[in-house]
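Colleague: Below are the structure tokens for one structure; questions will follow.
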Amino acid sequence: MTNSNEDFPYFSVHPYLQARFRTVGRSLAFKAQSREEWAIWREALVAKLKALTGYDTMLPCDLEPRITHTVEFPTYLRQRVVIQTEPGIHMPLFVLIPKDAPPPLPAVIAPHGHISGGKLAVAGCAENPAIAQTIRQYNYDYGVQFVRAGFIAFCPDARGFGERQEAAAKGDILASSCQWINQMAYPLGQTVTGMWAWDLHRLVDYILTRPDCDSSRIGCAGLSGGGLQTLWAAALDERIRCAVISGYLYGYKESLLDLHTNCSCNYVPRLYETADMGDIAALIAPRPLLIETGSRDPLNGAGGLENVYSQIRILQRAYRLLDAEDRLRHVVFEGEHRWDGVQAIPFLQQYLNVSL
């Protein structure tokens, strides 16, 4: 007897989960009609997101900062610093400091995304050929771009990258450990997303201790997974006064549920029942926010730019409600998935008061 394809149909769960997304999504969607409703909504969503990500299970500790060495470049210095973000959890980072600008200076946190070697690409460490290639492909050295624009740039290794890779990733500097960390963390009530947001907030704590930084002028800007980190860090901490999210602002359904082979660091249990990405970004209002989108970025999803605009419209409603429409900017550049920066750097300079 010959079996036909009809005897063995393709039983994918994907259509079921697409339908479930449509029926259970966004219990804390942005719907505020007044500033009072906005304040109530914001408090509720921040608390929910901290619970979902396990952020509220993180353990505070002394920072114990150490500057391990300093390298001099023609226009800036590069410090390697290590801080403690939780007991026994240490985050190495590069601090890029302009030589000729008098302190205190505005600070920009520059989190990296994938295929970065952690902080190496963002800090322009092109001695390694693989890092040099990824810098060329994604215009990835935006930490160097920031320091040249007059900021002190903080380029950290996120958990799972660079010096913080798990053992299974060792041997490939461009590899990440997100999947393995989430597989360890989920059953313990934590997530990579929560860890990353917590660590960046501890980095803000560290910036506040540095006399060369102006604590009232702290920004955050990153590409892709660095955009993810910027989104969550700025949404959950108002000490970040200005944000640039590059290559990471789109509807969850098309870009993460449908494109479900994306890295597991994007995924938070029960998140889609609570909010879409535009709702999370709306928590940043009324602080200045610029979104960069590549016109041909495949991560935009099947709907392309319309999937991005669906979330921009949520942001526009929030900024309009708070009389801050001039502080929201969406830049669409011609290209695929990369950092652009053409308008982003002047935007940071404007709102963090750097002389143009």
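Colleague: Quick one: among Val147, Val24, Val82, which has the greatest mean-square fluctuation in a GNM of the chain with alpha-carbon springs under 10 angstrom?
Modeller: Val24
Colleague: Beta carbons within 10 angstrom, averaged per residue: use that to sort the peptides 319-329, 116-126, highest first. All intermediate terms of the calculation are to be shown ahead of the outcome.
Modeller: Numbers: 319-329: 15.9, 116-126: 27.5.
Answer by packing, highest mean first, reads 116-126, 319-329.
Colleague: Follow-up. What is the angle, in °, between the Cα long axis of helix 225-236 and the longest principal axis of the Cα atoms in the chain? Nearest 10 is fine, range 0 to 90.
Modeller: The angle comes out near 80 degrees.
Colleague: Sort 338-347, 58-67, 257-266 by the packing proxy (mean of other Cβ within 10 Å over each peptide's residues), most packed first. The partial results should precede the final answer.
Modeller: On the way: 338-347: 19.9, 58-67: 12.4, 257-266: 16.8.
Per-residue mean Cβ counts within 10 Å order the peptides as 338-347, 257-266, 58-67.
Colleague: In percent, what relative contact order does the chain have, based on Cα pairs under 8 Å that are 6 or more apart in sequence? Provide the component values of the computation, followed by the final result.
Modeller: Working: 731 pairs, mean separation 63.4, N = 356.
For the chain, the relative contact order is 18 percent.
Colleague: Could I ask something else about it? Taking a ≥ b ≥ c as the square roots of the Cα gyration tensor eigenvalues, with a/c under 1.5 meaning rounded and otherwise prolate when a/b beats b/c, else oblate, which class fits the range 167-317?
Modeller: oblate
Colleague: Counting only protein heavy atoms and a 1.4 Å probe, tell me what percentage of the range 249-356's accessible area is made up of carbon and sulfur.
Modeller: Details: 2080 of 4200 Å².
Using a 1.4 Å probe with all protein chains present, the range 249-356 comes out at 49 percent carbon and sulfur.
Colleague: Sticking with this one: Report, in debye and to the nearest 20, how large the dipole of the range 306-356 comes out about its Cα centre when Lys and Arg carry +1 and Asp and Glu carry -1 on their Cβ. Walk me through the numbers before you get to the answer.
Modeller: Values: 6 positive and 7 negative charges, 38 e Å.
It works out to roughly 180 debye.
Colleague: Further question: Nearest 20 debye, what's the magnitude of the dipole of the chain about its Cα centre given +1 on Lys and Arg Cβ and -1 on Asp and Glu Cβ?
Modeller: Details: 33 positive and 37 negative charges, 88 e Å.
Charge dipole, the chain, about its Cα centre: 420 debye, nearest 20.
Colleague: Select from Phe151, Tyr10, His69 the residue farthest towards the positive end of the dipole of the chain; place +1 on Cβ of Lys and Arg, -1 on Cβ of Asp and Glu, and compute about the Cα centre.
Modeller: Value: Phe151.
Colleague: Of the residues Glu273, Glu334, Glu254, which exhibits the maximal mean-square fluctuation in a Gaussian network model of the chain defined by a 10 Å Cα contact cut-off?
Modeller: Glu334
Colleague: Using a/c under 1.5 as the rounded threshold, could you call the chain rounded, prolate or oblate? The axes a ≥ b ≥ c are square roots of the C-alpha gyration tensor eigenvalues, and prolate needs a/b larger than b/c, oblate otherwise. Could you put the intermediate results ahead of the total?
Modeller: Numbers: a/c = 1.58, a/b = 1.30, b/c = 1.21.
Prolate, because a/c is 1.5 or more and a/b exceeds b/c.
Colleague: Could I ask something else about it? Where does the chain land at 222 nm, in deg cm²/dmol rounded to the nearest 500, when only DSSP H runs of n ≥ 4 count, each adding -39500 (n - 2.57), divided by all residues? List each step's numbers first, then the result.
Modeller: On the way: 11 runs with 118 residues, N = 356.
Calculated mean residue ellipticity at 222 nm is -10000 deg cm²/dmol.
Colleague: Which of rounded, prolate or oblate describes the range 52-195 when judged by the alpha-carbon gyration tensor and an a/c cut-off of 1.5?
Modeller: Here the range 52-195 falls in the oblate category.
Colleague: Accessible area per residue for the range 263-350 in Å², computed with a 1.4 Å probe and the full protein assembly in place, what is it?
Modeller: Values: 3230 Å² over 88 residues.
Roughly 37 Å² per residue, with all protein chains present.
Colleague: Separate question: Under 10 Å, Cα contacts only: if you run a Gaussian network model on the chain, which one of Thr75, Thr53, Thr85 comes out with the highest mean-square fluctuation?
Modeller: Thr75
Colleague: Quick one: with all protein chains in place, what share of the accessible area of the range 150-224 is carbon or sulfur, to the nearest percent (1.4 Å probe)? Write down the numbers at each step before the final one.
Modeller: Working: 1380 of 2470 Å².
About 56 percent, which is the carbon plus sulfur part of the accessible surface.
Colleague: For the range 199-253, what is the accessible area per residue in Å² when the probe is 1.4 Å? Numbers along the way, then the final one.
Modeller: Working: 1120 Å² over 55 residues.
That works out to 20 Å² for each residue.
Colleague: Can I ask one more? State the percentage of accessible surface on the range 37-127 attributable to carbon and sulfur atoms; use a 1.4 Å probe and exclude ligands, DNA and RNA.
Modeller: For the range 37-127, the apolar C and S fraction of the accessible surface comes to 59 percent.
Colleague: Might you report the magnitude of the Cβ-based charge dipole of the range 250-356 about its Cα centre, with Lys and Arg at +1 and Asp and Glu at -1, to the nearest 20 debye?
Modeller: Working: 10 positive and 14 negative charges, 50 e Å.
It comes to approximately 240 debye.
Colleague: Follow-up. May I ask you to give the solvent-accessible area per residue for the range 123-168, in square angstrom, as obtained with a 1.4 angstrom probe? Before the final figure, lay out each step's value.
Modeller: Details: 1630 Å² over 46 residues.
Here the residues of the range 123-168 average 35 Å² of exposed surface.
Colleague: Ok, one more. Choose one of Gly162, Ser295, Leu321: the residue whose Cα lies farthest towards the positive end of the charge dipole of the chain (beta-carbon charges +1 Lys, Arg; -1 Asp, Glu; about the Cα centre).
Modeller: With unit charges placed on the Cβ atoms, the residue in question is Leu321.
The values are calculated or read from the model by the stated rules, or taken from the named source; none is laboratory data. Just so we're clear, the structure is a prediction, and the values are computed from it rather than from any experiment. Glycine gets a Cβ as well: all are built from the backbone with ideal geometry, and neighbour counts include every protein chain shown. Surface areas here come from the heavy atoms of the whole protein model, side chains and all, with no ligands, DNA or RNA. Shrake-Rupley method; radii C 1.70, N 1.55, O 1.52, S 1.80 Å.
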